[in-house]
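What follows is a short report on a single structure.
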Amino acid sequence: MVSAFGRSLSFSNSPKPKPKPNYHVRSISLPSRSNPALSQLESEIHSVRTWLTNSNPSPASLCAGLAQLSLLLNSFFDLLSLPHSHSSLRRACSLPLLDQFLYLADTCGSFRSSTITLKQLSSDAQVAIRANDTSRVLSCLRQVKRVEKELCLKGKVKVKVCLESGLSGEELEMAAVMREVVGVMMAGLGSVFAGVVEKCATSTAVVVEGWTGSWVVSKMRRKGVREDWKSKGLEKLRELEECVEALESKVEMVFRSLVNVRVSLLNILTPCV
């Protein structure tokens, strides 16, 4: 008689349970850091920061900075074109960061108007100097000073960007990217503004000293002295005119890039409105 016994079945080819990963699994809602669009954006941010470290008020440096800001915005625009970015932004559509891009566009638009005004005032002042029209020269310089003051104030504005509470990981990451872009954009525009202000101050100081300096006034009858100061003033005003003229196209480029980013963000967030 065979005694009964229990038997367990075992299959050698049965699948073994997969071990749980001991690392954080990244959400697919936002492109990974290896994504070309995000990598390019980070590269452009680094380039802007490098320029900020080495920037100076020369026209070449200011133009290079504006060109770099335009590249940064274009890379950000490419990132916004990804469907993954759309989903993250829609879930975090109450982000106040959106308003900062409108502020940046307005600021850049004002700067564009200022360059046009400075170019015209520099030209008018040169004509007045050649015509020995003191009142007109001083009127142009007062207007240049007014534009200079406006640029100085705009360049010192600090935008405080706060993140919304209650956002998920991918939403926070997208918000952090936007905050970083806004931060370097403000720093870049501020540096350009400061460069133009310095150029204005240098040019107007030479002209004012030449036309109203007390020690020069006492020697106005000496034609040589008068002509020397006229020459110096004309040279500085030409430099200012050439500087803002070189910046015009670059400012326009940054302004258009900002408008494109703003429109793209509005289109993404339309379902949330």
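Summary table below
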quantity	calculated
Filtered residue count, region 115-137, keeping only those that are aliphatic (A, V, I, L, M) and surrounded by 16 or more Cβ atoms within 10 Å (Cβ to Cβ)	6
Elements of type helices (runs of 4 or more DSSP H) contained in region 51-150, each with 2 or more residues being within 17 Å of the chain's Cα centre (by Cα), at pLDDT 90 or above and polar (S, T, N, Q)	59-80, 97-130
Any chance residue 201 is part of a helix (DSSP H, G or I), farther than 30 Å from residue 77 by Cα and at pLDDT 85 or above	yes
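The values are calculated or read from the model by the stated rules, or taken from the named source; none is laboratory data. Note that this is a predicted model, so its numbers are computed, not measured. Cβ atoms come from the backbone with ideal geometry, glycine included; neighbour counts cover every protein chain shown.
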